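Accompanying notes for the structure given below.
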Amino acid sequence: MKITQRISPQPETGDHAILFGVFSGDTLNDTGRQIDALLNGQLQRLLETGDFRAEPSQLITLYSQTNQPVIIAGLGEKDRFNKGIYQDATTKAVRQAGCLSVRKAECLMPLINQDAIPEKRLAQLAAIAAHNGAYQYTATRTVRDEDKIDLDQVTITVRQDCENCVRQGDAIGIGMTQARELGNLPPNICNPAYLAAKAEEITSQYANTRHRVLNQDELEEMGMGALLAVGQGSANDSKIVVLEYNGGGDAKPYALVGKGVTFDSGGISLKPGLNMDEMKYDMMGAGSVIGAFITAAELQLPINLVVVVPTVENMPDGRAYRPGDVITSYSGKTIEVLNTDAEGRLILCDALTYAQEFQPQVIVDVATLTGACVVALGHVTSAVMSNRDELAAQLMASGQAVYDRTWHMPLYDEYKQQLKTNFADIKNIGGMPAGSITAAAFLEEFIEEDQPWAHLDIAGVAWRKKEEGATGRVVPLLTQFLIDQSENAG
Ligand code: BES
Ligand code: MN
Ligand code: ZN
């Protein structure tokens, strides 16, 4: 789907759908009046009679005198307006356009009557929403033509030039779509080999990129004992997939490390059956960092980026690792496994040790790491923990900007006590209290003191419910962070 910008205060007539938003209890602005004129005053009448109350999530499709579809999204009361309401309204409006027979849509959402959010941000968010609204999972099912959501082009109409922001939003949307698709694909298709093949496909499409796959025998030679232990019960070989983008000369790279458990059964510490199918999205840390890589390469950002994806399948089997096992990580530290379902941190610790070999200026790891994170923050907010408060603050700010919010949780030394054992250097679970934090504290044990590092727990935000599936979060946060960093650097 193509996204373009148009600079104009008014709608264009043609063979496309027009999308616009109105606030409840507000008068129509210039753009609104022009749209109302196309509709013979119908919009104004609907608002006056209260038949359309313009509440958030409310959507109405009207037709102009020339039968051009006009989709009006409610935005609620103006003084309660925020990026979330806007994002939701725009996504739904685009989705609705995708259900109609038109192949094109003109999104005038940035022209709504408000001044709380800068136009450039509205333009960027509209481009993201356009991709998310048009996304439909079809890979493994039959969809009748009339049920297909299809759009070839979305034009974002703005008052002032927002080209850069539209491009950024477009690229973020492309990255999110790829990430969502990986999360929604079933685990018998999206396995470690699939992610490796995906890396090859991506690097063949973008300039200044390359990839490398470390296969199981190489990982054995290297001594990645923690990662390999998790995958040893699976018929699918474990791998580390590396993607590199070079757009920043000889600057130190940013490293993104993503948990790629393509199915998490829990292993010998087997999970209960209810919703176990959803553990196909336990590779959305990988999905997010791959999505962010695609966005960075789309934009050809002036940075260097290395993405490291440890990818395995966690299965029970005669050869599976067991509670009680002591394994030796790539760092040399020994780990007592007390629960084979705390597997994410085991593949991540080896990947983090490996990622530090690239001497990155910053490492951010992303993982659907703990159920405790879902309990704490639900499906709304991801958690960020870091060995640098400043880095956590930067990630929070970038997330806030693109409405992909994260919240800083503490990583005080005291939490490390919960990981002590008499049988190894560290154990892989810290008990009930502060489950998300002790998981992060485990990872921190594998980070050098002088290495700025942050960990994002996306267990809640990566997936909403079965009808919606994978969300593509935290691609916006990660890429906005990289964009903000590259702009601050000069
Ligand atoms: N992949 C899960 C975490 C998870 C739970 C992600 C729910 C998404 C939704 C992770 O591997 C896991 O099983 N964690 C355990 C850790 C525990 C055994 C210490 C958990 O959270 O229960
Ligand atoms: Mn698990
Ligand atoms: Zn897991």
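A few notes on this one:
- The residues on offer are 339, 314, and the sole one that is crowded, with 24+ Cβ neighbours inside 10 Å and either under 30 Å from residue 488 (Cα atoms) or within 16 Å of ligand 2 (Cβ to nearest atom) (or both) is 314.
- Looking only at segment 257-269, residues that are within 13 Å of ligand 3 (Cβ to nearest atom) and open to solvent by 10 Å² or more (accessible area, probe 1.4 Å) come to 2 in all.
- When the criteria are applied in full, residue 378 meets the requirement of being open to solvent by less than 40 Å² (accessible area, probe 1.4 Å), within 15 Å of ligand 1 (Cβ to nearest atom) and in contact (Cβ under 8 Å) with a residue 12 or more places away in the chain.
- Qualifying residue in segment 296-304 (condition: in a loop (DSSP other than H, G, I, E, B), modelled with pLDDT of 95 or more and either open to solvent by 20 Å² or more (accessible area, probe 1.4 Å) or within 16 Å of ligand 3 (Cβ to nearest atom) (or both)): yes
- Considering residues of segment 1-31 that are surrounded by fewer than 18 Cβ atoms within 10 Å (Cβ to Cβ) and in a strand (DSSP E or B) only, the residue nearest to the chain's Cα centre (by Cα): 2
- Within segment 131-176, being of a type in the set (D, E, K, R) and under 21 Å from the mean Cα position of the chain (by Cα) holds for 167, 170.
- So residue 60, is it of a type in the set (Val, Ile, Thr), on the phi < 0 side of the Ramachandran plot, in a strand (DSSP E or B) and in contact (Cβ under 8 Å) with a residue 12 or more places away in the chain: yes
- Just one of (1) closer than 19 Å to residue 288 by Cα; (2) away from ligand 1 (no atom under 16 Å from the Cβ); (3) part of a helix (DSSP H, G or I) fails for residue 373. It is (2).
- Residue match in segment 321-341 (condition: away from ligand 1 (no atom under 14 Å from the Cβ) and among the aliphatic types (A, V, I, L, M)): yes
Listed here are the residues, each with its yes/no results for (1) in contact (Cβ under 8 Å) with a residue 24 or more places away in the chain; (2) open to solvent by 10 Å² or more (accessible area, probe 1.4 Å); (3) in a helix (DSSP H, G or I).
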{"site": "396", "(1), (2), (3)": "no, yes, yes"}
{"site": "431", "(1), (2), (3)": "no, yes, no"}
{"site": "443", "(1), (2), (3)": "yes, no, yes"}
{"site": "460", "(1), (2), (3)": "yes, no, no"}
{"site": "476", "(1), (2), (3)": "yes, no, yes"}
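- Residue 421 vs. criteria crowded, with 22+ Cβ neighbours inside 10 Å and among the hydroxyl-bearing types (Ser, Thr, Tyr): no
- Verdict on residue 251 being in contact with a helix residue (DSSP H, G or I) (Cβ under 9 Å, 6 or more places away or on another chain), assigned by TED's automatic domain parsing to the domain that holds residue 310 and either open to solvent by 30 Å² or more (accessible area, probe 1.4 Å) or in contact (Cβ under 8 Å) with a residue 12 or more places away in the chain (or both): no
- Between 26, 30, the distinction of being touching a helix residue (DSSP H, G or I) at 6+ places or on another chain (Cβ under 7 Å) and of a type in the set (D, E, K, R) belongs to 26 only.
- Some residue of segment 346-355 being in contact with a helix residue (DSSP H, G or I) (Cβ under 6 Å, 6 or more places away or on another chain), assigned to a loop (DSSP other than H, G, I, E, B), more than 11 Å from ligand 1 (Cβ to nearest atom) and under 12 Å from residue 447 (Cα atoms): no
- Unique match (being within 16 Å of ligand 3 (Cβ to nearest atom) and open to solvent by less than 10 Å² (accessible area, probe 1.4 Å)) among 276, 283: 283
- Search result, residues across segment 233-248 that are within 16 Å of ligand 1 (Cβ to nearest atom) and either out of contact with any Lys or Arg (no Cβ under 7 Å at 6 or more places or on another chain) or open to solvent by 20 Å² or more (accessible area, probe 1.4 Å) (or both): 234, 238
- Residue within segment 265-276 that is closer than 17 Å to residue 368 by Cβ, within 16 Å of ligand 1 (Cβ to nearest atom) and assigned to a helix (DSSP H, G or I) present: yes
- Residue in segment 123-142 that is at pLDDT 95 or above, open to solvent by 70 Å² or more (accessible area, probe 1.4 Å), among the charged types (D, E, K, R) and not in a helix (DSSP H, G or I) present: yes
The values are calculated or read from the model by the stated rules, or taken from the named source; none is laboratory data. Given the structure is predicted, the values throughout are model-derived calculations rather than measurements. In this analysis, Cβ positions are derived from the backbone assuming ideal geometry, glycine residues included, and neighbour counts consider all displayed protein chains. When the accessible area is computed, the model is the full protein with side chains, heavy atoms only, and any ligands, DNA or RNA have been set aside. Shrake-Rupley method; radii C 1.70, N 1.55, O 1.52, S 1.80 Å.
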